[in-house]
Amino acid sequence: MFLNKLTYTLRLFKINLNKVQGQTKSVADMVDGETAVISGFTDDQISVKLLEMGFLPGTAVRFNFKAPFGDPVCVSVSGYDLSLRLEEAATISIFN
């Protein structure tokens with residue numbers, strides 16, 4: 001329990017540190033085969049849909065590939081392969 005709270009606090013600290021340093025990155029910025037951890041969302045309305053799809057903060061996300069014209073993108077999260085529009089993927093903040 002204590003370790004989970006400490007881990008959560010450290011993640012929040014790193015997220016805030018990245019925001020201060022301007023180093024935020026999104027799923028749309030990832031390259032094929034890259035894995036990262038979801039840190040949060042930049043759009044409150046789309047975040048509800050993404051949370052229901054399994055994009056929970058602290059969960060690992062793997063970028064599989066882009067469609068031939070670059071949109072949509074295929075990612076793996078929580079054991080599922082999902083397609084997202086590029087504008088949706090851009091709202092998912094990550095740190096790696």
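Would it be correct to say that Val37 is under 20 Å from Phe95 (Cα atoms), at pLDDT 90 or above and open to solvent by less than 30 Å² (accessible area, probe 1.4 Å)? It would help to see each step written out before you state the result.
Values: under 20 Å from Phe95 (Cα atoms): yes; at pLDDT 90 or above: yes; open to solvent by less than 30 Å² (accessible area, probe 1.4 Å): no.
Against the criterion (under 20 Å from Phe95 (Cα atoms), at pLDDT 90 or above and open to solvent by less than 30 Å² (accessible area, probe 1.4 Å)), Val37 does not qualify.
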| said: Need the failing condition index for Phe63 against (1) surrounded by fewer than 17 Cβ atoms within 10 Å (Cβ to Cβ); (2) at pLDDT 95 or above; (3) within 13 Å of the chain's Cα centre (by Cα), just the number. | reply: (1)
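Kindly indicate the residue of the range 7-34 that is within 30 Å of Phe69 (Cα to Cα), among the polar types (S, T, N, Q) and surrounded by 13 or more Cβ atoms within 10 Å (Cβ to Cβ) and also modelled with the lowest pLDDT among those meeting that condition. Please lay out each step first, then the result.
Kept after step one, since they are within 30 Å of Phe69 (Cα to Cα), are these residues of the range 7-34: 22-34.
Those still in the list that are among the polar types (S, T, N, Q) too: 23-24, 26.
Then keep just the ones that are surrounded by 13 or more Cβ atoms within 10 Å (Cβ to Cβ); that gives 24, 26.
Working: Thr24: 79, Ser26: 93.
Applying the filter and picking the extreme gives Thr24.
The values are calculated or read from the model by the stated rules, or taken from the named source; none is laboratory data. None of these values were measured; they are calculated from a predicted model. Neighbour counts run over all protein chains shown; Cβ positions are idealised from the backbone, glycine included. To get the accessible areas, we keep the full protein, side chains included, count just its heavy atoms, and leave off ligands, DNA and RNA. Shrake-Rupley method; radii C 1.70, N 1.55, O 1.52, S 1.80 Å.
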